[in-house]
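**Q** Take a look at this one; I'll ask things after.
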Amino acid sequence: MPGRARDAGAGPGAGALGPAEPARAAGPGDGAAPSWRERWLALRHRLVASPAFQRWAASFPPTRGIARRNTRALFDLCAGFVYAQVLLACVQLDLFGLLRGGPMGLGALAQRLALPPERAERLLRAAAALRLVAALPDGRYALADLGAALLGNPSVSAMIAHHAMLYDDLRDPVALLRGEAGPTRLAGYWGYAGAGDPRDLRDGEVAPYGGLMAASQALVAEDILDACPLARHARLLDIGGGEGAFAVAALRRHPALRLTLFDLPAVAARASARFAAEGLGARAQALGGSFHDGLPGGADAACLVRVVHDHDDGPALALMRAAHAALAPGGRLLLAEPMAGTPGAEPVGDAYFGFYLLAMGSGRPRTARVLAGMLAEAGFRDVREVATRRPLLVRLLTARRSC
Ligand SMILES: C[S@@+](CC[C@H](N)C(=O)[O-])C[C@H]1O[C@@H](n2cnc3c(N)ncnc32)[C@H](O)[C@@H]1O
């Protein structure tokens with residue numbers, strides 16, 4: 001296992017980077033005397049664990065609201081899988097597509113869903129409780145905000161559908177944590193994460209994840225390009241650029257920009273076809289290879305979009321070093337991905353991506369500060385975070401190679 005990156009500061013510009021990784025406090029297990037805070041927490045936890053206290057807190061007016069919120073939060077944690085499966089059923093049955101044209105009654109919906117009316121009603125009531133659809137006073141059902149938002153983002157439905165593999169892999173989370181779960185379905189899906197030489201992957205093995213990534217780029221490319229326009233750059237190296245969805249968005253926005261996309265050979269071939277189909281063949285080329293063997297030079301900007309978190313610390317740091325070596329002096333790197341410790345989205349980084357990448361067999365979510373430390377270690381300077389519109393989906397660090 002490669003060594004973990006230090007939670008280092010990252011030189012100039014890095015001071016404002018997110019919360020530090022929580023320091024591992026010395027505790028009784030480490031031989032140190034417990035601090036007053038630990039003693040207070042222990043007392044508090046003994047109280048909260050007591051059923052008598054729970055009953056009292058749930059009826060005492062000043063604590064009633066907190067007790068109910070905590071009960072609900074705990075129940076939601078227990079029930080999360082069920083909610084996700086209700087959503088999967090809605091997606092598989094295309095419920096939101098059916099309601100796109102307007103509200104429908106139960107009978108018509110049951111027929112279109114090919115479900116007995118009682119089962120259709122059960123699904124619709126569950127979906128209404130989850131704010132995916134709305135039950136109208138006249139008994140018909142309509143889209144609610146969350147269902148309508150899914151219709152506007154078809155890639156989210158693709159993500160939901162492919163979660164069937166993730167849930168299979170998470171069936172025994174302790175075995176997964178102990179490395180005793182055996183081969184996972186996600187490692188097969190993301191072929192480069194498994195054993196073997198990723199350069200040997202064939203078209204049929206990269207197409208499923210390539211398509212999923214290309215579809216979900218719609219959500220992130222504009223946020224990245226709005227946060228960090230590339231107008232001052234002449235040539236962009238898109239490292240691990242997939243089928244070219246981000247590249248196409250960048251080229252369309254900056255008509256003078258030229259671009260080299262680098263990805264595994266089978267993926268680069270798909271990107272090449274896309275550039276040609278979009279009429280961008282004269283400004284964009286796709287090169288195939290493994291970035292662990294080095295990167296093509298000549299670019300004054302490079303980007304790593306949703307790539308670094310797929311890799312353990314040793315390969316991730318080597319990749320940053322390769323990007324540094326490939327950039328022209330003074331060139332700029334953009335590192336964009338969802339990050340751990342994002343305020344208001346903490347479970348997305350450490351819980352969702354933490355376990356997703358564990359099942360995939362490679363990588364981990366990192367805080368902005370850890371990534372900044374790694375970039376500095378790879379030789380970059382001026383590491384800074386640029387705010388994006390939806391940090392839950394993507395955050396952005398920029399860094400420079402010295403002149
Ligand atoms: C999660 S995808 C991100 C794709 C794209 N940047 C995006 O955001 O849509 C990671 C990409 O890294 C590529 N990749 C993984 N290992 C690689 C390697 N050793 N050499 C080159 N590309 C690699 C994969 O083929 C894939 O296209």
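Rule-based calculations on the coordinates, nothing more; no lab input. Since the model is a prediction, treat every value here as computed from it, not as a measurement. Backbone-built Cβ (ideal geometry, glycine too); neighbour counts: all protein chains shown.
**Q** Positive end of the dipole of the chain, charges at C-beta (+1 Lys, Arg; -1 Asp, Glu), about the Cα centre: which of G298, L375, L186 has its Cα farthest in that direction?
**A** Towards the positive end, the residue furthest out is L375.
**Q** Under the rule of -39500 (n - 2.57) per DSSP H run of 4 or more residues, summed and divided by the residues of the chain, what mean residue ellipticity at 222 nm is obtained, to the nearest 500 deg cm²/dmol? Intermediate values should be presented prior to the final figure.
**A** Details: 16 runs with 192 residues, N = 403.
Only helices count here, giving -15000 deg cm²/dmol.
**Q** Using 7 Å Cα-to-Cβ label points, what is the E278/R232 separation (nm, one decimal)?
**A** 2.5 nm
**Q** Roughly speaking, what is the centre-to-centre gap between the range 244-280 and the range 97-130 when only Cα atoms are used, to the nearest Å?
**A** Using only Cα atoms to place each centre, the spacing works out to 41 Å.
**Q** Assuming R0 = 22 Å, can you tell me the calculated FRET efficiency for the pair V82 and D168, based on Cβ-Cβ distance, to the nearest 0.05? Mind showing how you got there, number by number?
**A** Details: r = 16 Å, r/R0 = 0.74.
Rounded to the nearest 0.05, the efficiency is 0.85.
**Q** To continue, here is another question. Could you give the length gained by full extension between S290 and A269, i.e. 0.36 nm per residue of separation minus their alpha carbon distance, to one decimal place? Please list the in-between numbers first.
**A** On the way: separation 21, 0.36 × 21 = 7.56 nm, distance 1.36 nm.
Extra length available between S290 and A269 comes to 6.2 nm.
**Q** Ok, one more. Work out the FRET efficiency for E121 and R55 from their Cβ-Cβ distance, taking R0 = 51 Å, and round it to the nearest 0.05.
**A** Working: r = 35 Å, r/R0 = 0.69.
Efficiency, rounded to the nearest 0.05: 0.90.
**Q** What is the distance in Å between the Cα centres of the range 364-394 and the range 286-333?
**A** The range 364-394 and the range 286-333 have Cα centres separated by 14 Å.
**Q** With a cut-off of 8 Å between alpha carbons and a minimum separation of six or more residues, what is the relative contact order of the range 302-347 in percent?
**A** Working: 30 pairs, mean separation 26.8, N = 46.
Relative contact order comes out at 58 percent.
**Q** Could you give the length gained on full extension between L151 and E377, defined as 0.36 nm per residue of separation minus the Cα-Cα distance, in nm? List each step's numbers first, then the result.
**A** On the way: separation 226, 0.36 × 226 = 81.36 nm, distance 4.28 nm.
Gain on stretching L151 to E377: 77.1 nm.
**Q** Let me know the charge dipole size of the range 207-268 about its Cα centre in debye, to the nearest 20, where only the beta-carbon of Lys, Arg (+1) and Asp, Glu (-1) is charged.
**A** For the range 207-268, the charge dipole is close to 300 debye.
**Q** Now for a separate question. If you average the sequence gap of Cα pairs under 8 Å that are 6 or more apart and divide by the length of the chain, what percent do you get for the contact order? Don't skip to the answer; put the middle values down first.
**A** Numbers: 644 pairs, mean separation 76.6, N = 403.
The normalised contact order for the chain reaches 19 percent.
**Q** Would you work out the charge dipole size for the chain about its Cα centre, treating the Cβ of every Lys and Arg as +1 and the Cβ of every Asp and Glu as -1, and quote it to the nearest 20 debye? Could the numbers behind the result be given before it?
**A** Numbers: 45 positive and 36 negative charges, 238 e Å.
With Lys and Arg at +1 and Asp and Glu at -1, about 1140 debye.
**Q** Label 7 Å along Cα→Cβ of A175; the range 339-378 residues with amide nitrogen under 17 Å?
**A** Correct set: 358-361.
**Q** Report ³J(HN,Hα) in whole Hz for each residue of the range 203-211, in order, from the Karplus equation J = 6.51 cos²θ - 1.76 cosθ + 1.60 where θ = phi - 60°; Gly and Pro get x.
**A** Once θ is set to phi - 60°, the couplings for the range 203-211 become 3, x, 8, 9, 4, x, 6, x, x Hz.
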